[in-house]
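S.K.: Pasting in a structure now, in C-alpha cells, and then I'll have a few things to ask.
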Amino acid sequence: MPAIVLIGAQWGDEGKGKATDLLGSRIDAVVKFNGGNNAGHTIVIDGEKYALHLLPSGILTPGVVPVIGNGVVVDLGVLFEEVDAIEARGVDASKLVVSGNAHVIPSYNTTLDRVTERFLGNSKIGTTGRGIGPTYADKMARIGIRVQDLFDEDVLRAKVAGALNLKNQILVKIYNRKAVDVEAVVTELRAYAERLRPMVRDTALLLEQLLDEGKTVVLEAGQATHLDVDHGTYPFVTSSNATAGGACTGSGIPPNRITRVVAVVKAYTTRVGEGPFPTELLDESGERLRQAGFEFGTTTGRPRRCGWFDAPLARYATRINGVTDFVLTKLDVLTGMDEVPVCVAYEIDGVRHDEVPMTQAEFARAVPVYETFPGWHEDISKARTLEDLPRNARDYVAALEAMIRAPISVIGVGPGREQTVVVHDLLD
Ligand code: GDP
Ligand code: IMO
Ligand code: MG
C-alpha cells in the first residue's frame, strides 16, 4: 500500500508534472495537496503538450483517480475551464474528486493579491497574481470559504458577508477600490455548485480506503521546498507547505503511511519571482540555459531566472523532506558546454558555509563556491540507460548524487515521456 510523496527540491518547475506522469498507469490515485493554480506543469505525451495548473498530473493517465486534497486552494472558474479544455482534447476527467474541506479562491482575493503586489512596490514578492496568498491568509484567519460551504446558500452568504466585512474595509480604505457586493460573490460561487457537487468527497476517507485496498497513491506537490512558507526563502515563498510534511496535512494521509519521498531536481537551478538566488547567472550563460531549457513560466509566461546547480540548496531538500529518491531532470539542457560549474558551498562575509545558512540575511549575501566539472557534447536525448550517457555526463550525475546524499533514481533527457533513464524503479 505505497503512498509516495513527490515534491520539488528547488524553487519549482523542476519537472514534477512529467515525473508524476511517468509513473503512469501503475498508480491508482494522484493527490494534489497544496497550492492552487499558481502551479504550472507541462507534460509532453507523444509530442502533444498539456499545461496543467490546478488538476493533478495523474489526470492524463486513464484509470487514475485525480484528487484535489483539502490543502489546495481552488479557483472554481479555472477548475472547470481546465476540465473543459482537457476533455475537449479527449481526456476523461470524470473520476476527478475534490475535498469538501479545500478552500475556494473568491475573486476578491485575486484582486487583493494583485493590488497588494502593486502596493508593495519594490518589496513585492512577484506572485502569480492568482489569489493564493490572500486565500491561505483567510484560511488561517478562519474567514475562508470552503468547497462544502457552496451547497448551503445561507451558510455561504453568512461566510462571504463575514469575510467582506473586513476585506471591503481594506479594499476601499487602503487600496482605494470599490467595495465588493456580497450577493454578487454568492451568485458567482453558487453558479458552480451544481456541477461541483458530484465531485465532492471526504477525500481523506477515500484515500484511506484506497490504501487499505493496496492501491498506490502519489501525493504531488505544487511549488517546491524553497518556496515552502516554513522552510523556504521567506518571505519570497508561496503561502503553503510544499514540503513532504504538507503532503500529510494537505491530504489527510497520516505520516506512517508514507512509504517513499521522491524529490524532483533540475540539473541546474531556476526561480520565478523575487528573492535570493546565489547561483543566478545574469550574463549570457544564464540566457543560454533559459533558451536551451525553454525556461519561461507555464503559468505567467515570465522568463525564469537561471543559474548553476546549487548542491547545498538541494541537500537541504533531502534533509527537510526525508528524500528517498531523486529524479534529476533536464540533464540534456547542459549538453554542449565545455565545463559545468556546481555550487558546493557558500562564502558569507568571508566565511565558508557548507550548508544553507540559518538566516535569510546571510543567504541573501551568500556567494557561491564553485567546483567545475567537464562537460559533454554528445546528444543525450535518446539515452535510455546509464550506459547510453557519455562518461562526463555520468560523472556529473554521480558527483551530484554524492553531494545531495540520496540516490538519483531517474534522469530526464528531454521533455517527452519516453526521454527518461530509469536507474532504479520508483515503485519497486
Ligand atoms: P513542474 O512545475 O515541476 O511540473 O515543471 P514545469 O512543467 O513548470 O517545467 C518543467 C519543464 O521542463 C516542462 O516544460 C517540461 O516539459 C520540461 N521537462 C521536464 N523534464 C525534462 C527533461 O528532462 N529535459 C527537458 N529538456 N525538458 C524537460
Ligand atoms: P510549480 O508547481 C515556480 C512563485 C511565484 C512567486 C512566489 C509566490 O509550477 O513548480 P504565489 O502566487 O504562489 O503567491 O507566488 O512563488 N511560484 C512559483 N514559482 N513554480 C511554481 O509552481 C510556483 N508557484 C508559485 O513566482 O515568486
Ligand atoms: Mg511549473
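The values are calculated or read from the model by the stated rules, or taken from the named source; none is laboratory data. All of these numbers come straight from a predicted model, not from anything done at the bench. Every residue, glycine among them, receives a Cβ derived from its backbone with ideal geometry; neighbour counts consider all protein chains shown. What goes into the accessible areas is simple: the full protein's heavy atoms, side chains included, and nothing from ligands, DNA or RNA. Shrake-Rupley method; radii C 1.70, N 1.55, O 1.52, S 1.80 Å.
S.K.: What accessible area per residue, rounded to a whole number of Å², is obtained for the chain using a probe radius of 1.4 Å?
M.R.: Per residue, the chain has an accessible area of 41 Å².
S.K.: First compute the accessible area of the stretch 345-399 with a 1.4 Å probe, then give the percent of it belonging to carbon and sulfur atoms.
M.R.: Heavy-atom surface of the stretch 345-399 belonging to carbon and sulfur, 1.4 Å probe: 54 percent.
S.K.: Determine the shape class of the stretch 45-199: with a ≥ b ≥ c the square roots of the Cα gyration tensor eigenvalues, call it rounded for a/c under 1.5, and otherwise prolate if a/b is greater than b/c, oblate otherwise.
M.R.: oblate
S.K.: Share of the stretch 135-192's accessible area from carbon and sulfur, percent, 1.4 Å? If you can, show how the numbers build up before the last one.
M.R.: Numbers: 1770 of 3360 Å².
Roughly 53 percent of what the probe reaches on the stretch 135-192 is carbon or sulfur.
S.K.: Right, another one. What fraction of the DSSP beta bridges in the chain is antiparallel, stated in percent and rounded to the nearest 5? Write down the numbers at each step before the final one.
M.R.: On the way: 25 of 61 bridges.
In the chain, DSSP labels about 40 percent of beta bridges as antiparallel.
S.K.: Also: Using only alpha carbons, build the gyration tensor for the chain and give me the equivalent ellipsoid semi-axes, biggest first, whole Å.
M.R.: Ellipsoid semi-axes (Å, largest first): 36, 26, 18.
S.K.: Output ³J(HN,Hα) for the stretch 156-163: one whole-Hz value per residue in order, computed from phi by the Karplus curve 6.51 cos²θ - 1.76 cosθ + 1.60 with θ = phi - 60°, and x for Gly and Pro.
M.R.: Coupling constants for the stretch 156-163: 4, 4, 4, 6, 5, 4, x, 5 Hz.
S.K.: OK, next. All other residues with a Cβ under 13 Å from the Cβ of VAL155 taken together, and with Lys, Arg as +1 and Asp, Glu as -1, what is their net charge?
M.R.: 0
S.K.: Given points 7 Å out from each Cα along the Cα-Cβ axis, report the ARG114 to ILE143 separation in nanometres with one decimal.
M.R.: 2.1
S.K.: So, one more: Each residue of the stretch 258-274 in order: what ³J(HN,Hα) in whole Hz does its phi give by Karplus 6.51 cos²θ - 1.76 cosθ + 1.60, θ = phi - 60°, with x for Gly and Pro?
M.R.: Values per residue, Gly and Pro as x: 7, 9, 7, 10, 9, 10, 9, 9, 7, 6, 9, 10, 9, 8, 10, x, 7 Hz.
S.K.: Going by the alpha-carbon gyration tensor, a ≥ b ≥ c the square roots of its eigenvalues, is the stretch 1-98 rounded (a/c under 1.5) or, if a/c is not under 1.5, prolate (a/b greater than b/c) versus oblate?
M.R.: Judged from the Cα gyration tensor, the stretch 1-98 comes out rounded (a/c under 1.5).
S.K.: Taking the simple approach of a point 7 Å from Cα along Cα-to-Cβ for both LYS215 and ASP283, what is their distance in nm?
M.R.: 5.3
S.K.: Of the heavy-atom accessible surface of the stretch 53-111 (probe 1.4 angstrom), what whole percent is carbon and sulfur?
M.R.: On the way: 820 of 1630 Å².
Carbon plus sulfur share of accessible area: 50 percent.
S.K.: Residues with amide H under 5 Å of GLU274's amide H, sequence separation 5 or more or different chain, H placed in the peptide plane at 1.01 Å from N; which?
M.R.: Long-range HN contacts for GLU274: GLY126.
S.K.: Let me ask something else. What is the calculated FRET efficiency for TYR370 to ILE170, with r their C-beta to C-beta distance and R₀ = 51 Å, to the nearest 0.05?
M.R.: Given R0 = 51 Å and the Cβ-Cβ separation, E is 0.65.
S.K.: For the chain, set up a GNM with springs between Cα atoms under 10 Å and report which of PRO341, PRO374, PRO303 has the largest fluctuation.
M.R.: PRO374
S.K.: Once the dipole of the chain is set up with Lys and Arg at +1 and Asp and Glu at -1 on Cβ about the Cα centre, which of ILE404, HIS53, LEU282 lies farthest towards its positive end?
M.R.: HIS53
S.K.: Scan around VAL74 for amide H atoms under 5 Å from its own, H built in the peptide plane at 1.01 Å from N, and keep only partners 5 or more places away or cross-chain.
M.R.: HIS103, VAL104, ILE105
S.K.: Under the rule of -39500 (n - 2.57) per DSSP H run of 4 or more residues, summed and divided by the residues of the chain, what mean residue ellipticity at 222 nm is obtained, to the nearest 500 deg cm²/dmol? Walk me through the numbers before you get to the answer.
M.R.: Numbers: 12 runs with 132 residues, N = 428.
Theoretical 222 nm ellipticity from helices: -9500 deg cm²/dmol.
S.K.: Which order, highest average first, do 304-313, 376-385, 284-293, 409-418 follow once you tally other Cβ atoms within 10 Å for each residue and take the mean per peptide?
M.R.: Highest-to-lowest ranking by the protection proxy: 304-313, 409-418, 284-293, 376-385.
S.K.: Let me ask something additional. Would you mind checking which residues have amide H under 5 Å from ARG260's amide H? H placed 1.01 Å from N; only 5 or more apart, or other chain.
M.R.: ALA3, VAL5
S.K.: Can you pull the Kirkwood radius for the stretch 76-160, inverse mean 1/r over Cα pairs, to one decimal in Å?
M.R.: Every distinct Cα pair counted, the radius reaches 14.7 Å.
S.K.: If you plug each phi of the stretch 172-189 into the Karplus form 6.51 cos²θ - 1.76 cosθ + 1.60 with θ = phi - 60°, what whole-Hz ³J(HN,Hα) values come out, in order, with x for Gly and Pro?
M.R.: 7, 7, 9, 9, 6, 9, 6, 5, 8, 7, 4, 4, 5, 5, 4, 4, 4, 6
S.K.: Still on this structure, I have one more. Between VAL172, VAL44, VAL369, which gets the highest mean-square fluctuation from a Gaussian network model of the chain, Cα cutoff 10 Å?
M.R.: So, out of VAL172, VAL44, VAL369, the one fluctuating most is VAL172.
S.K.: Test of the criteria: in the stretch 141-242, which GluC sites (Glu not before Pro) are in a DSSP loop and have at most 13 other Cβ atoms within 10 angstrom of their Cβ?
M.R.: Within the stretch 141-242, the qualifying GluC sites (Glu not before Pro) (loop, at most 13 other Cβ atoms within 10 Å) are GLU213.
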